[in-house]
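Quick notes on the structure that follows.
The values are calculated or read from the model by the stated rules, or taken from the named source; none is laboratory data. For clarity, every value in this text was computed on a predicted model and none was experimentally measured. Neighbour counts run over all protein chains shown; Cβ positions are idealised from the backbone, glycine included. Side chains are part of the model used for accessible areas, which takes the heavy atoms of the whole protein and leaves out ligands, DNA and RNA. Shrake-Rupley method; radii C 1.70, N 1.55, O 1.52, S 1.80 Å.
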Amino acid sequence: MRIAVLVKYVPDAAGDRHFTPIFTTERDAVQGLLCELDEYAIEQALQLVETAGEGQVTVLTMGPDNAAPALSRALSMGADDAVHIVDDCLAGSDALATSLVLAAALARIDADLILTGMASTDAGLSVIPAMVAERLSLPLLSFASALRVEGKYVTIRRDDDEATETITTTLPAVVSVTDRTGEARYPSFKGILAAKKKHIERLSLAGLGIDPAQVGLLGAMTVMSSVSRTPSRAAGVKVLDEGSGGIQAAAYLAANGFI
Amino acid sequence: MREVLVLAEHERGQISKSTTELLTLASRMGMPAVVHLGDLTESARSVLAEYGAGKIYIVDRPAVHEYRVLPAAEALVTISVQSSPVAILITSSAEGKEIGGRLAVKLGSGIIIDAIDVAADLTTTQSVFADSFIVRANVATGIPIITVKRNSTTPVAAPTTPTIVKIDVKTSELAMAATIVDRTPHDQSSRPELSDATVVVSGGRGVGSADNFSLIEDLADALGGAVGASRAVTDLGWYARSNQVGQTGKTVSPQLYIANGISGAIQHRAGMQTSKTILAVNTDPDAPIFDIADFGVVGDLLRVVPQLTEEIARRRS
Ligand SMILES: Cc1cc2nc3c(=O)[nH]c(=O)nc-3n(C[C@H](O)[C@H](O)[C@H](O)COP(=O)(O)OP(=O)(O)OC[C@H]3O[C@@H](n4cnc5c(N)ncnc54)[C@H](O)[C@@H]3O)c2cc1C
Ligand SMILES: Cc1cc2nc3c(=O)[nH]c(=O)nc-3n(C[C@H](O)[C@H](O)[C@H](O)COP(=O)(O)OP(=O)(O)OC[C@H]3O[C@@H](n4cnc5c(N)ncnc54)[C@H](O)[C@@H]3O)c2cc1C
């Protein structure tokens with residue numbers, strides 16, 4: 001079984017994320033890392049291979065040079081090899097361009113199963129999985145809280161507001177997994193050492209046969225016209241509970257028309 | 001007037017509130033034309049008419065009732081080719097985004113995700129990076145596809161008499177590839193739905209145990225609100241995952257949000273910081289939640305919360 005996992009290198013959400021003057025995400029000011037929600041997808045891929053007793057897990061990212069540590073982390077968790085699509089022309093790519101590039105890279109791999117996270121932790125659009133599936137003419141089972149592969153079939157459980165559903169389709173397919181699938185493993189010391197010997201293939205747009213005019217800011221089908229900081233919420237009144245904290249809170253609610 | 005397509009969201013024959021919000025936005029830039037998959041009930045028709053649908057396309061095929069994403073995307077392609085709409089508006093639900101993503105690729109159109117507003121000239125507004133930035137953007141190529149977050153607009157009634165058009169769409173083989181083999185509906189809570197509630201009372205790790213969550217429920221009931229929880233709580237199994245507020249849970253924007261024993265991590269704030277009024281109870285005076293709270297009580301929630309619930313009852317009687 002060949003499993004491809006899409007992973008994104010993102011700025012740390014705890015940092016002060018902001019934009020460059022040309023409206024791309026400022027990547028130097030904030031520490032970057034492997035999207036935490038993509039670790040769940042890596043974990044599921046590793047478990048599927050462990051259960052099957054055979055298989056290969058390839059992680060792919062499209063991102064700048066400094067995204068390489070994100071791939072190394074995935075390799076030290078246990079992925080077998082990695083593909084890094086890096087090209088200066090990619091800066092400022094919108095979702096359509098990103099999916100075009102990822103689909104082209106996936107087409108070279110011929111995976112049985114493509115796993116993704118439920119959303120990136122920066123833009124968090126949750127739209128790349130559907131776009132990639134569409135470009136590859138594959139079914140997508142989205143927001144899996146559990147998944148299993150049996151022969152030619154992949155089956156997921158999805159817990160949404162209304163119901164719990166069991167959904168199945170035939171391989172090859174794309175599956176996006178949520179943070180409910182179970183904790184992702186930490187890279188072990190052995191894993192970190194082993195990762196150093198694993199291969200990261202670097203691919204450029206030329207290598208994928210994609211015209212640079214289709215991607216990046218040039219090819220963007222969506223154009224940002226302005227960015228402004230939301231005025232931050234001012235902290236209000238803070239009282240210390242000395243026996244009547246609840247009563248004071250009720251008085252505040254009453255004064256503001258909530259009671 | 002040119003059409004603006006609005007994909008209807010409906011469950012058990014009822015049109016969702018978010019669809020009426022989309023109709024209000026759509027009327028700013030053209031004639032709202034609804035795309036409705038499956039049978040149109042009389043109640044659905046009258047809600048759509050009340051909120052300004054000039055036209056309703058009904059796409060009725062059995063497959064549509066199953067895994068709906070691809071049939072919906074394919075129907076929108078067929079209708080778009082016929083009517084070349086000004087824009088296509090879809091609710092930003094998990095399903096809506098999946099439909100939008102597929103549709104953008106099919107039409108070769110740009111897509112804006114999670115807009116909180118759309119102007120008459122189709123400029124969209126997004127609130128990004130945990131609501132710390134406001135971004136304005138436009139679709140530059142193709143028919144603009146815009147997914148809009150729930151509860152971002154107040155629906156405005158604009159009664160019309162819609163024309164009904166039945167459309168036959170050929171569903172592809174790929175659209176039938178995924179099958180829902182089992183569906184178990186959740187028990188309906190008697191409390192308001194979290195995403196739409198005007199009051200949300202949430203508990204975090206500071207609540208201490210699953211049993212103590214009854215204190216949070218009692219306060220929620222006293223205020224007629226919904227119950228929320230932090231991820232720490234849902235990970236511990238103290239409360240259901242469907243009640244989680246935050247980046248990987250629900251986004252709420254109530255009139256009043258009460259955070260009890262919640263530290264205020266960025267991922268939690270991402271789901272609640274556009275609440276109108278925020279009240280926080282926490283033993284730690286330096287908890288980040290106090291930075292965004294309008295009113296904070298530094299104290300033990302096990303004492304403060306029951307006292308607050310009691311005081312509300314006393315004031316009401
Ligand atoms: C604040 C903000 C708002 C934006 N709004 C829009 C918009 O409205 N429309 C638009 O077209 N573009 C928009 N973009 C650009 C868009 O975010 C990028 O194109 C991005 O690469 C894809 O979207 P995402 O990060 O939301 O991914 P998601 O769709 O949330 O990602 C889901 C999964 O896809 C995989 N994945 C995503 N990106 C990569 C990658 N680079 N490499 C490998 N795997 C990946 C991961 O498995 C991830 O978990 C926006 C960007 C920002 C920063
Ligand atoms: C990718 C990702 C996605 C995430 N998504 C979400 C999400 O959707 N939602 C979410 O909530 N989190 C999310 N998180 C987790 C988030 O980072 C925090 O870990 C989480 O919100 C912490 O929950 P908490 O505030 O209940 O617990 P803690 O941070 O442990 O805080 C508990 C608080 O309770 C206070 N306290 C203790 N005892 C009492 C008492 N008796 N009375 C009053 N106060 C007391 C403490 O002072 C403390 O401030 C996500 C994290 C990641 C990495």
Within the range B:79-138, tally of residues that are in contact (Cβ under 8 Å) with a residue 40 or more places away in the chain and within 16 Å of ligand 2 (Cβ to nearest atom): 2
Test: residue in the range B:128-138 that is more than 16 Å from ligand 1 (Cβ to nearest atom) and either at positive phi or at pLDDT below 90 (or both): no
Residues being facing another protein chain (nearest Cβ under 10 Å) and buried (at least 24 other Cβ atoms within 10 Å of the Cβ) - total across the range B:115-128: 1
Residue check, A:SER176 surrounded by fewer than 17 Cβ atoms within 10 Å (Cβ to Cβ) and either touching a strand residue (DSSP E or B) at 6+ places or on another chain (Cβ under 9 Å) or in a strand (DSSP E or B) (or both): no
Qualifying residues in the range B:283-304 (those that are in contact (Cβ under 8 Å) with a residue 60 or more places away in the chain and surrounded by fewer than 20 Cβ atoms within 10 Å (Cβ to Cβ)) - the one nearest to the other protein chains (Cβ to nearest Cβ): B:THR283
The listed residue being facing chain A (nearest Cβ under 10 Å), among the small types (Gly, Ala, Ser) and within 19 Å of B:LYS17 (Cβ to Cβ), out of B:SER195, B:SER189: B:SER195
Considering residues of the range A:125-144 that are open to solvent by 10 Å² or more (accessible area, probe 1.4 Å), more than 7 Å from every other protein chain (Cβ to nearest Cβ) and not β-branched (Val, Ile, Thr) only, the residue nearest to A:TYR40 (Cα to Cα): A:PRO129
Elements of type helices (runs of 4 or more DSSP H) in the range B:222-317, at least 3 residues being away from ligand 1 (no atom under 16 Å from the Cβ): B:231-236, B:301-316
Filter result for the condition that a residue is open to solvent by 40 Å² or more (accessible area, probe 1.4 Å) and either in a loop (DSSP other than H, G, I, E, B) or touching a Phe, Trp or Tyr at 6+ places or on another chain (Cβ under 6 Å) (or both), over A:ILE109, A:ILE22: A:ILE22
Wholly within the range A:200-259, strands (runs of 3 or more DSSP E) carrying at least 1 residues that are in contact with a Gly (Cβ under 9 Å, 6 or more places away or on another chain) and facing another protein chain (nearest Cβ under 7 Å): A:222-229, A:237-240
